[in-house]
Ligand code: DX5
Ligand code: ZN
């Protein structure tokens with residue numbers, strides 16, 4: 001298993017002071033910036049796009065930016081995110097017409113690629129592309145909003161994916177997104193996750209460093 005990564009989701013940051021708030025959460029111990037892209041079509045909400053990502057790079061954010069695309073179709077916007085400075089781009093297989101082509105496109109543009117599974121999306125999407133993935137992202141809420149409750153059934157899915165990753169012998173990150181808190185992150189890590197997205201649990205507090213260090217202790 002790879003070193004734990006905490007990826008604060010800036011969906012819950014202060015959008016009017018996004019550069020400042022992002023720099024603050026990184027200084028407080030966040031490893032990656034989780035960047036949620038919503039299109040009011042694939043998910044019922046609208047968030048931020050490539051222009052905002054490139055503004056964060058211009059502002060001086062150098063940490064890895066972990067782009068989570070909740071958009072349909074996928075391919076049309078991928079080049080803009082790569083150009084804006086994305087490090088990783090993850091997409092939902094149901095939102096892409098040609099999953100293998102989307103994976104290839106993201107790699108060609110020099111980004112790491114992840115496949116995202118909603119709570120009820122079957123893992124069979126992994127069967128023929130596992131060898132091409134850098135990351136598997138398991139949603140522990142239905143995508144579209146921050147601040148929802150962790151769906152406990154995700155723990156079983158995390159264990160299943162951990163087994164598949166270990167059996168593959170490849171270095172694939174196992175990321176979990178939705179309802180992650182300092183209280184449940186220990187169980188999520190024990191199930192096999194190594195990369196943790198947290199939005200409201202971090203940004204809805206005053207002291208980001210305190211929550212992040214509590215999370216790290218719980219991961220062990
Ligand atoms: C949900 C997003 C998440 C969200 C997580 O659709 O993909 O990344 O920001 O927020 P919390 O941690 O508050 O559940
Ligand atoms: Zn996300």
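Every number here is computed from the coordinates shown, using simple stated rules; none is lab data. Everything numeric in this text was worked out from a predicted model, so none of it was measured. Here the Cβ positions follow ideal geometry from the backbone for every residue, glycine too, while neighbour counts run over all protein chains shown.
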(request) Counting helices only, and only those DSSP H runs with n ≥ 4, report the 222 nm mean residue ellipticity of the chain as the sum of -39,500 (n - 2.57) divided by its residues, in deg cm²/dmol to the nearest 500. (result) -10000 deg cm²/dmol
(message) For the chain, give me the percentage of DSSP beta bridges that are antiparallel, rounded to the nearest 5 percent.
(response) 5
(request) Go through 17-27, 197-207 and give me the packing order, highest mean Cβ count within 10 Å leading. (result) 197-207, 17-27
(request) For the stretch 1-66, report the translational diffusion coefficient in µm²/s to the nearest whole number, using Stokes-Einstein at 37 °C, 0.692 mPa s, and a Kirkwood Rh over Cα pairs. (result) 263
(message) Give me the one-decimal nm value for the distance between modelled label points at residue 51 and residue 164, 7 Å along each residue's Cα-to-Cβ direction.
(response) 3.8
(message) Bin width 5 Å, origin at 0, all Cα-Cα pairs of the stretch 71-220: what percent of pairs per bin?
(response) 2, 9, 19, 20, 20, 16, 10, 4, 0
(request) Would you please put 126-137, 83-94 in order of how densely packed they are, using the mean number of other Cβ atoms within 10 angstrom per residue and starting with the highest? (result) 83-94, 126-137
(message) Expected output is a single nm value to one decimal: the length gained when fully extending between residue 149 and residue 59, i.e. 0.36 nm times separation in residues minus the C-alpha distance. What is it?
(response) 29.1 nm
(request) Would you work out if the stretch 100-186 is rounded, prolate or oblate? Take a ≥ b ≥ c from the square roots of the eigenvalues of the alpha-carbon gyration tensor; rounded if a/c is under 1.5, else prolate when a/b is larger than b/c, oblate otherwise. (result) prolate
